[in-house]
Amino acid sequence: MQGCSIVFLALFLVACDLQLLSESELSDQNQSQDLVPHYAVASAHPLATQAGIEILKQGGNAFDAAVAVTSTLAVVEPYASGLGGGGFWLLHVADTHQDIMLDGRETAPLASTRDMYVDASGNPTQLSVTGPLAAGIPGVPAAMVHLAENYGRLPLNVLLNFSIEAANNGFAVSEHYQRLASARMATLLRSPQAAAIFLDHGQAPSSGYILKQPQLAKVLVSIRDFGRDGFYTGEIAQKLVHGNQQAGGIWQLKDLEQYQVIERQPITGSYKNISIISAASPSSGGIVLMQMFNMLSMLDINELNALERTHAIVEVMRRAYFERASYLGDADFIEVPVNTLLSMPHAEDLLADYSSQHATDSHNYLRETNMLDDAVLQEGQNTTHFSILDQAGNYVAATLSINYPFGSGFVPAGTGVLLNNEMDDFVIKPGHPNLWGLVDNEANAIEPGKRMLSSMSPTFLDDGNRTAILGTPGGSRIITMVLLSALEFANGADAETMVALLRFHHQFLPDQIQFEMHAIDAMTQTSLTSMGHTLKERQHSYGNMQTIIWDKQMGRVTAASDPRGIGDAKVSQ
Ligand code: DON
């Protein structure tokens, strides 16, 4: 019996291109509905996955592992997330059957003002993108401590150990690092601290270069020893604020002291056979995702051919992103009519002008708003996502960001902490597109203490037998990536298929279907064009999805990391 299981499991793992841990001992697969036969971690960097696996092996739960993975990503993916950034951790607590969203999104500094990024003539400046003024107040350190103290089992000195060693001893940078450092070289060179840490004598380090971050290690040690206070008050806080102000920023000590992680109710809903749990405000993710699902449930896309299906999905994307631009912002500051937005009658209203034959012109909606279509989309290959499942059935999906590659490119002296440029996720000027081409409105205007609207969408899906834990970076395209993979999951797809799926996207403005090479075949492209769609094939692939599937019926756990990235998915026993 044992031999049979081994052969079966080995074949299965080979088929899924998953790695067996060397220390794994194979045993009979557990067929129970309640017990999880394996634990798993999927993240965007092999060292972060290793950190998570180590913690689970030492008896930590999924929340402990999430702290270790978060802190390790902060060291080994400095272009994507970090102590100077924010994120959302979606938690499932097995004991209580609760789903919770931990909101560690950055807040606008208390001295921020609505028009702080426009010049005297009313034109947007680069200050929301580059340098100290671009940085919101970070949430990652507070969220890590909150997770460890409220949900974990192991102390911070165990959980942060791996990341402290990686920061002190260094790690080998990848080609991906090299590319992103080259892309943001000019910005990094503007901050002497950032250039000294992240560049090699003023150049992008080549692949294999050992990057050491002793100052960042000290900040991690301070968090390890003093918890939240180790970052938000005392010496580190003073250095962060002093460095920020010296370079023209507006951070104050009270910004850091007052920062709060918030536990929120996630957005929940269902589509056909699957239930969906995703990010709530200040993310737009869950609401936009559910709006798309609600509309799709009226269009029965499984009955459609490839052209009709693509058209239908694009049209619901367009409408949901229009709603995002019109109504969504930090619900602690503005009234977001969530129940209305998620109601079926509202989905029906949104489809009132839907035609299965023609593209809707996004400009039709502009008569009701002041939005302009001068959006210029830029490539975005950063931010990060990880998924974790432990054997008690706890799981975590977390998407973390400093926004643009290497964030603001600014490091306050003596901290090693690279600050985010998440302030650009606010509307800088109504009708003006942000870095992701998103054209927002009043609901997402800057106010002191407010959280900027996000697209990050850590998500859980369940089809009755299988639970999927997933998410991805990709700026505004995050939500449509999760949608497309969720539609595949609803049709029975496995983790590998979900992460590898070719992607297309529409976000209302600019009024175009963006797609990865080969995501839409040539004939369908021609037909979509004749229906009135504008198509834009992207030069580069996008996204970096990490997915774990726990199949309760079969007693199996599988995990996959996006082939577009350098990440690693591991399943163990
Ligand atoms: O919160 C957001 O929506 C953005 N700051 C995320 C940025 C992102 O995913 C960049 N990745 N390519």
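Things worth noting here:
- Working from Cα pairs under 8 Å separated by at least six residues, relative contact order for region 107-187 is 22 percent.
- Calculated FRET efficiency for the pair A413/Q203, C-beta based, R₀ 22 Å, to 0.05: 0.50
- For a label point 7 Å along the Cα-to-beta-carbon line of E335, residues of region 435-449 with backbone N under 14 Å: 443
- Fraction of the pair-distance distribution of region 126-170 above 14 Å, Cα-Cα pairs, percent: 65 percent
- Between the alpha-carbon centres of region 428-443 and region 495-573 there is a gap of 25 Å.
- Average accessible area per residue (Å²) across region 267-360 - probe 1.4 Å, nucleic acids and ligands excluded: 37 Å²
- Model label zone, N465; criterion: amide N under 12 Å from point 7 Å along Cα-to-beta-carbon; scope region 536-573: 551-556
- Nonlocal amide H pairs with S455, under 5 Å, H built at 1.01 Å: S284
- Computed lengthening from N150 to E348, 0.36 nm per intervening residue step minus Cα-Cα distance: 67.1 nm
- Extension gain from T96 to K254, taking 0.36 nm per residue of separation minus the Cα-Cα distance: 53.3 nm
- Rolling a 1.4 angstrom probe over the protein heavy atoms with all chains in place gives region 103-164 an accessible area of 35 Å² per residue.
- Value at 222 nm in deg cm²/dmol, rounded to 500, when DSSP H runs of n ≥ 4 in the chain each add -39,500 (n - 2.57): -10000 deg cm²/dmol
- Our note on the geometry: Cα centres of region 266-283 and region 331-353, 14 Å apart.
- Once the C-beta distance of T529 and S182 is scaled by a Förster radius of 35 Å, the resulting FRET efficiency is 0.50 to the nearest 0.05.
- Residues L189 and K212, FRET efficiency given R0 of 25 Å [Cβ-Cβ distance, rounded to 0.05]: 0.80
- 28 Å Cα-Cα threshold exceeded, pairs from K212/K239; K429/K536; K57/K218; K239/K570; K429/K450: K239/K570
- Mean separation of Cα contacts under 8 Å (6+ apart) over length of the chain, as relative contact order %: 24 percent
- V129 sits among other residues whose Cβ lies under 13 Å from its own Cβ, and their net charge, with Lys and Arg +1 and Asp and Glu -1, is -1.
- Cα gyration tensor shape of the chain, rounded if a/c is under 1.5, else prolate or oblate by comparing a/b with b/c: oblate
- Within the chain, the selection of entire DSSP H helices by a Cα span of 30 Å or greater along the long axis and an average Kyte-Doolittle value of at least 0.0 returns an empty list.
- Region 119-220 pair-distance distribution - Cα-Cα, 5 Å bins, rounded %: 2, 11, 14, 17, 18, 15, 11, 7, 3, 2, 0
The values are calculated or read from the model by the stated rules, or taken from the named source; none is laboratory data. From a predicted model like this one, the values you see are computed outputs, not experimental measurements. Every residue, glycine as well, gets a Cβ built from its backbone with ideal geometry; the counts of neighbours run over all protein chains shown. Please note that ligands, DNA and RNA were not included when accessible areas were found on the heavy atoms of the full protein model with its side chains. Shrake-Rupley method; radii C 1.70, N 1.55, O 1.52, S 1.80 Å.
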